[in-house]
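*Asks:* Here it is: the structure, laid out below.
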Amino acid sequence: MSLRRGRDRRQHCGCRVSPSLVRCRGHARGTGACPSQGKLMLFRTPKNLSVLIFAIAVPVLMAACSHADHVQAAAPSITDDHGLLHIPAGSPLRRRVKVQPVESGGLPRALSVPAVIEADPAHTLNVQAPVTGRVIELKVGLGDRVKRGQVLALIASGDYAQAQADRARAADALALAKSGLARAEGVQRAGGAAQKDLEAARSGYQQAQAEDIRAQARLASLGSPAPGSRGAGRMALLSPTDGSITSLSTAAGAFVNDPNAVLMTVTDIGHVWATANVAENESSLVAPGQLAEVTLPALPGRRFRGAVQSVSDVVDPDSRRVKARIALANPDGAMKANMFATAVLMVPQPGALLVPQSALLMNNDSVTVFVEVSPWTFARRTVELGPDEGGLARIAKGLRPGDRVVVAGGVLIND
């Protein structure tokens, strides 16, 4: 059934048909049934469709033209004027580019060399018996820790007994001479003695006093008597310093026939040396007083700091290296003699120009930086690098003091 255009009508299917609508989907198929079940499925007339297309197209075209005008009016981010790159006002790059002057400094160069831990000779003492005799008791063993003044061994010695006797005889003679002098002075005051007798008494007293001083010094140089010892001739061998027994060449019952023989060695391990082996071609860079840092594979995570005490004047003929000795404190005894180590020597360098690593840009096979030649105008400059200084790069050639370089955002200018 066809529908006339005009005023609105409602068909038997319940669909409202307006003048601008033709028919519902069921009516369009001519089945007489409305599959929409009361929901209107409508088609617009060609006249209304053209109006709709025009209404949509006009705003879209106007928006496209407005965007084109905006793009055309936007300022460029950067301009290139014969190699000079300028960031104009309003460019977003100005917020991302950071410029700072070149730093000038003389940071020391870190020279890493192999090293070995050694006992400090200034704190290593050989223990010798000052007299001949026999070791009657040995109080320590190899590797024992000892304190200054601790008894190391007891020695029975005729020489020590002779020194004790001399001291006793000198003390007795001094006491006799002192009483004789006092008696002569009393007689002189009473007027019953000649002047020469008083002078003779005084001379005898002075001689006895000098002999007593000599005997005391002789006995003191040999050592102290054995603790609790009542018999003569027993001497206690004492430790000259704090440390540990690093060598032992005697035992209880052994005879000491040579006063120059070393019985044991006491090493103060609280002070050690790190002997660094510096290559021959780098030996001129090392000098006494330079700071150094030592690490050991046996002690991971620990760093020991000291200073170079001496540099050998002789090159080892086999390794072609020069020995530089670094004094280190070792309060807990963690470092042992003959341990392998690595020494990092701080070698002073002449004043140099330094820039952050972020300022460096790779341009083909060269390293470049952007230098500010005028406000927000930059020129590319090729540089030559020296040794790295951590986060700073040493510039050997290409920059001058006072130059301002791009340290952040340079990659944006480069692109």
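*Asks:* Consider ALA307 carefully, then state whether it is in contact with a Leu (Cβ under 7 Å, 6 or more places away or on another chain), free of Cβ contacts under 8 Å to residues at least 60 places away in the same chain and under 22 Å from ALA279 (Cβ atoms).
*Replies:* Considered against the rule, which asks whether it is in contact with a Leu (Cβ under 7 Å, 6 or more places away or on another chain), free of Cβ contacts under 8 Å to residues at least 60 places away in the same chain and under 22 Å from ALA279 (Cβ atoms), ALA307 comes out as yes.
*Asks:* Would you be able to say whether some residue in the stretch 266-275 is aromatic (Phe, Trp, Tyr) and over 20 Å from ASP120 (Cα atoms)?
*Replies:* The answer is no; no qualifying residue exists.
*Asks:* So which residues in the stretch 230-250 are more than 50 Å from the chain's Cα centre (by Cα) and either closer than 19 Å to ALA170 by Cβ or in contact (Cβ under 8 Å) with a residue 60 or more places away in the chain (or both), if there are any at all?
*Replies:* Listed by number, the residues that qualify are ALA232, GLY233, ARG234.
*Asks:* Pick from the stretch 314-355 the residues that are of a type in the set (Val, Ile, Thr) and surrounded by 12 or more Cβ atoms within 10 Å (Cβ to Cβ): which of them is farthest from VAL286 (Cα to Cα)?
*Replies:* Among those residues, the one meeting the criterion is VAL355.
*Asks:* Among the residues of the stretch 129-171, how many are closer than 30 Å to ILE326 by Cβ, in a strand (DSSP E or B) and either open to solvent by 70 Å² or more (accessible area, probe 1.4 Å) or at pLDDT below 90 (or both)?
*Replies:* 1
*Asks:* State the number of residues belonging to the stretch 277-291 that are assigned to a strand (DSSP E or B) and either of a type in the set (A, V, I, L, M, F, W, C) or free of Cβ contacts under 8 Å to residues at least 12 places away in the same chain (or both).
*Replies:* Matching residues across the stretch 277-291 total 3.
*Asks:* Can you report the number of residues in the stretch 102-128 which are open to solvent by 70 Å² or more (accessible area, probe 1.4 Å) and either among the polar types (S, T, N, Q) or modelled with pLDDT of 90 or more (or both)?
*Replies:* 4
*Asks:* Next question, about the same structure. Restrict the check to the stretch 232-250 and report whether at least one residue is of a type in the set (S, T, N, Q), more than 30 Å from ALA337 (Cβ to Cβ) and either exposed (fewer than 13 other Cβ atoms within 10 Å of the Cβ) or out of contact with any Pro (no Cβ under 9 Å at 6 or more places or on another chain) (or both).
*Replies:* No, the stretch 232-250 contains no residue that is of a type in the set (S, T, N, Q), more than 30 Å from ALA337 (Cβ to Cβ) and either exposed (fewer than 13 other Cβ atoms within 10 Å of the Cβ) or out of contact with any Pro (no Cβ under 9 Å at 6 or more places or on another chain) (or both).
*Asks:* Do you know which residues across the stretch 375-415 are farther than 26 Å from ARG95 by Cβ and assigned to a strand (DSSP E or B)?
*Replies:* Passing the criteria: THR382, VAL383, GLU384, LEU385, GLY386, PRO387, ASP388, GLU389, ARG394, ILE395, ALA396, LYS397.
*Asks:* Condition test on VAL367, is it open to solvent by less than 60 Å² (accessible area, probe 1.4 Å), in contact (Cβ under 8 Å) with a residue 12 or more places away in the chain and under 26 Å from GLU282 (Cβ atoms)?
*Replies:* For VAL367, the condition - open to solvent by less than 60 Å² (accessible area, probe 1.4 Å), in contact (Cβ under 8 Å) with a residue 12 or more places away in the chain and under 26 Å from GLU282 (Cβ atoms) - is met.
The values are calculated or read from the model by the stated rules, or taken from the named source; none is laboratory data. Because the structure is a prediction, the values reported are computed rather than measured. Don't worry about glycine lacking a Cβ; one is built from the backbone with ideal geometry, like all the others, and counts go over all protein chains shown. SASA here: full protein model, heavy atoms, side chains in, ligands and nucleic acids out. Shrake-Rupley method; radii C 1.70, N 1.55, O 1.52, S 1.80 Å.
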